[in-house]
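A.B. asks: The structure's right below; bear with me while I get my questions together.
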């Protein structure tokens with residue numbers, strides 16, 4: 001497989017996963033704020049912190065209001081990580097490589113982008129926003145299902161899977177990092193108001209609430225939630241499960257020694273983390289999450305340097321950057 005094709009498929013999968021995860025975050029946060037009393041110290045600003053776009057957001061908007069945050073995360077063309085921007089980048093990456101996947105996959109992502117773009121240009125009230133977010137999640141799930149059900153077990157499928165699992169692990173750690181900062185007690189006996197509702201929102205952001213109740217069979221508690229979303233080997237969106245799946249995919253590729261070693265290293269760090277201790281030390285948890293993020297970046301760089309020949313893209317590349325990188329390579333030249 002051409003390195004250009006491999007890279008575009010990898011990034012296509014990352015952008016689709018990013019769009020779905022962002023839609024889940026916005027939807028769950030809106031529902032959480034409805035459940036919480038008005039005096040609770042919660043706001044839409046948390047979502048900007050999770051996505052790591054605070055500096056860019058503050059340069060575009062005067063305040064972190066609900067309307068501004070929703071616009072920035074859902075439809076803003078200035079935000080390369082917004083839902084529409086991610087779908088645009090995914091579409092562009094697949095457009096240049098659609099000959100290696102079933103036609104239905106290209107048709108689905110093209111239709112998804114066009115329909116959601118049209119929907120976003122209409123009135124964006126609360127009800128319309130909820131419909132938009134549900135449509136995004138369903139479309140991304142449908143696309144992932146098409147990939148899983150129709151694409152041959154080939155290198156194309158492997159690179160898509162790698163992108164999906166790495167993006168999923170990245171987003172899960174971001175959610176844990178930002179949410180746990182306000183939810184983990186900093187002194188023995190400290191009670192955090194409505195703690196269970198907020199930890200439930202963490203689980204629901206990952207569509208993991210029902211699976212948590214079935215597997216853990218205890219009330220929602222911070223240490224148990226941390227263990228479940230970090231170290232569960234049965235939850236598809238847990239960090240450990242995502243890294244294990246990525247490691248399996250890497251073994252199917254040639255010259256995989258360095259990327260597989262990097263994946264094994266960061267996977268071991270996640271598996272060996274003392275969650276019970278970290279649950280009582282938010283600062284140590286934050287440092288550990290930073291270490292995980294560095295590990296993900298190193299894994300991404302190992303994948304890129306091994307199989308991608310084009311100049312390195314930033315992990316949070318904008319659609320314009322994604323399209324520029326694709327446009328630099330004419331398929332006929334290869």
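The values are calculated or read from the model by the stated rules, or taken from the named source; none is laboratory data. Small disclaimer: the values here were computed from a predicted structure and weren't measured. Positions of Cβ are generated from backbone atoms using ideal geometry, with glycine treated the same way; all protein chains shown enter the neighbour counts.
A.B. asks: Please list, ordered by first then second residue, the pairs with beta carbon atoms under 8 Å, 6 or more apart or interchain, first in segment 86-106 and on the phi > 0 side of the Ramachandran plot and touching a residue at least 24 places away in the same chain (Cβ under 8 Å), second surrounded by 23 or more Cβ atoms within 10 Å (Cβ to Cβ) and in a helix (DSSP H, G or I).
C.D. replies: Correct list of pairs: empty, since none qualify.
A.B. asks: With (1) under 30 Å from residue 279 (Cβ atoms); (2) at pLDDT below 90 as the list, and residue 117 as the residue in question, which single condition is left unmet?
C.D. replies: (1) is the only condition that residue 117 fails.
A.B. asks: How many residues are modelled with pLDDT under 90 and touching a helix residue (DSSP H, G or I) at 6+ places or on another chain (Cβ under 7 Å) if we restrict to segment 181-203?
C.D. replies: 12
A.B. asks: Just to be sure before I move on: is residue 165 modelled with pLDDT of 90 or more and surrounded by 20 or more Cβ atoms within 10 Å (Cβ to Cβ) in the structure I sent? Before you say what the answer is, go through the steps one by one.
C.D. replies: Details: modelled with pLDDT of 90 or more: yes; surrounded by 20 or more Cβ atoms within 10 Å (Cβ to Cβ): yes.
It is true that residue 165 is modelled with pLDDT of 90 or more and surrounded by 20 or more Cβ atoms within 10 Å (Cβ to Cβ).
A.B. asks: Inspect all residues belonging to segment 237-244 and state whether any of them is over 12 Å from residue 172 (Cα atoms) and under 17 Å from the mean Cα position of the chain (by Cα). Break it down stepwise before answering.
C.D. replies: Going residue by residue through segment 237-244, those that are over 12 Å from residue 172 (Cα atoms) are 244.
Still in the running and under 17 Å from the mean Cα position of the chain (by Cα): 244.
Yes.
A.B. asks: Here's something else I'd like to know. Could you please give the count of residues in segment 306-334 that are more than 30 Å from residue 49 (Cβ to Cβ) and either modelled with pLDDT under 85 or out of contact with any helix residue (DSSP H, G or I) (no Cβ under 7 Å at 6 or more places or on another chain) (or both)?
C.D. replies: 11
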